[in-house]
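The values are calculated or read from the model by the stated rules, or taken from the named source; none is laboratory data. Since the model is a prediction, treat every value here as computed from it, not as a measurement. All Cβ positions, even for glycine, are placed from backbone atoms using ideal geometry, and neighbour counts span all protein chains on display. These area figures cover heavy atoms from the full protein model, side chains too; ligands, DNA and RNA do not enter into them. Shrake-Rupley method; radii C 1.70, N 1.55, O 1.52, S 1.80 Å.
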Amino acid sequence: MKIKLLFFATLRDAAGGRALDFELKPEATVGDLLERLGETHPRLAPHLESSLVSVNKEYAPAETVLSEGDEVALFPPVSGG
């Protein structure tokens, strides 16, 4: 299945762009996506464990099952004071 990835802030730099079409096996989860993304894009790997993930504009945990055409956004952790 094909999904669309969107990268924000420092993840955009590590990914080398703002968006990417990405292929996954059917029934893949957010966790599967992050694992595969780290393998195919090594510059992203150190950031993925702490990244926030949204699927179709709603925050999603690692066990969320993805579907064809989903839009998945990745955000670096937010900090502030």
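Pairs meeting the criteria (first residue in segment 53-66 and among the acidic types (D, E), second residue surrounded by 17 or more Cβ atoms within 10 Å (Cβ to Cβ), beta carbons under 8 Å, at least 6 apart or on different chains) are E63/V30.
Does L52 satisfy being crowded, with 17+ Cβ neighbours inside 10 Å and of a type outside the set (D, E)? Steps first, please.
Working: crowded, with 17+ Cβ neighbours inside 10 Å: no; of a type outside the set (D, E): yes.
Answer is no for this residue.
Step by step: first the residues of segment 44-66, then only those that are among the polar types (S, T, N, Q) and assigned to a loop (DSSP other than H, G, I, E, B), then the one that is farthest from K4 (Cα to Cα). Which residue is that? The qualifying residue farthest from K4 (Cα to Cα) is S50.
Matching residues to (1) in a strand (DSSP E or B); (2) in contact (Cβ under 8 Å) with a residue 40 or more places away in the chain; (3) at positive phi; (4) touching a strand residue (DSSP E or B) at 6+ places or on another chain (Cβ under 7 Å):
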| residue | (1), (2), (3), (4) |
| --- | --- |
| K4 | yes, yes, no, yes |
| K25 | no, no, no, no |
| G31 | no, no, no, no |
| L34 | no, no, no, no |
| G38 | no, no, no, no |
| P42 | no, no, no, no |
| E68 | no, yes, no, yes |
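Looking across segment 56-66, the residues that are out of contact with any Leu (no Cβ under 7 Å at 6 or more places or on another chain) and open to solvent by 60 Å² or more (accessible area, probe 1.4 Å) come down to N56, K57, E58, P61, E63, V65.
So if I check each of D32, D21, D70, which one is under 12 Å from the mean Cα position of the chain (by Cα) and surrounded by 18 or more Cβ atoms within 10 Å (Cβ to Cβ)? When all the criteria are applied, what remains is D70.
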